[in-house]
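Worksheet for the structure shown next.
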């Protein structure tokens, strides 16, 4: 449905009757900047973290808040989730092994 433009003497030469919406380029959600702060200690987690996504590489400093693209933050989050799952699996298998060997070494 077409809308008619109303022209009055006050707006006759006004070009602002129909403001043109500025086109904003679509931003890839992975390109948005987010703040991350990586854990730092004096042992295993003291070096900067190298992260690569689809050929794009960055080095993230530990212990301070830094701005990174969301795609890198997601890779770090997924890696931390996998580390936690692997740790749980190792603990469960170790406990299972300990129980199995304890039963075999029971005196009868």
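Taking the Cβ-Cβ separation of residue 48 and residue 28 as r and a Förster radius of 22 Å, what is the calculated FRET efficiency to the nearest 0.05?
On the way: r = 25 Å, r/R0 = 1.15.
Approximately 0.30, to the nearest 0.05.
If we count other beta carbons within 10 Å of each Cβ, what is the order of 41, 48, fewest first? Before the final figure, lay out the partial values.
On the way: 41 9, 48 13.
The most exposed by this proxy come first: 41, 48.
Can you bin segment 30-98 into rounded, prolate or oblate? Criterion: square roots of the alpha carbon gyration tensor eigenvalues sorted a ≥ b ≥ c, rounded for a/c under 1.5, prolate for a/b above b/c, oblate for the rest.
On the way: a/c = 2.85, a/b = 1.84, b/c = 1.55.
Taking the square roots of the gyration eigenvalues as a ≥ b ≥ c, segment 30-98 is prolate.
Test of understanding: what is the full-extension gain from residue 56 to residue 80, defined as 0.36 nm times their sequence separation minus their Cα-Cα distance? Before the final figure, lay out each step's value.
Numbers: separation 24, 0.36 × 24 = 8.64 nm, distance 2.00 nm.
Taking 0.36 nm per residue and subtracting the Cα distance, the gain is 6.6 nm.
If you stretched the chain out fully between residue 36 and residue 101, how much longer would it get, using 0.36 nm times the residue separation minus the C-alpha to C-alpha distance?
On the way: separation 65, 0.36 × 65 = 23.40 nm, distance 4.37 nm.
Here the segment from residue 36 to residue 101 would lengthen by 19.0 nm.
Fewest first, what order do 40, 104 take by the number of other Cβ atoms within 10 Å?
Working: 40 14, 104 7.
Going from least to most buried by this count: 104, 40.
FYI, it's all coordinate maths here, none of it is from the lab. Every value quoted in this text rests on a predicted model; they were computed, and no experiment measured them. Reconstructed Cβ throughout: ideal geometry from the backbone, glycine too, with neighbour counts over all protein chains shown.
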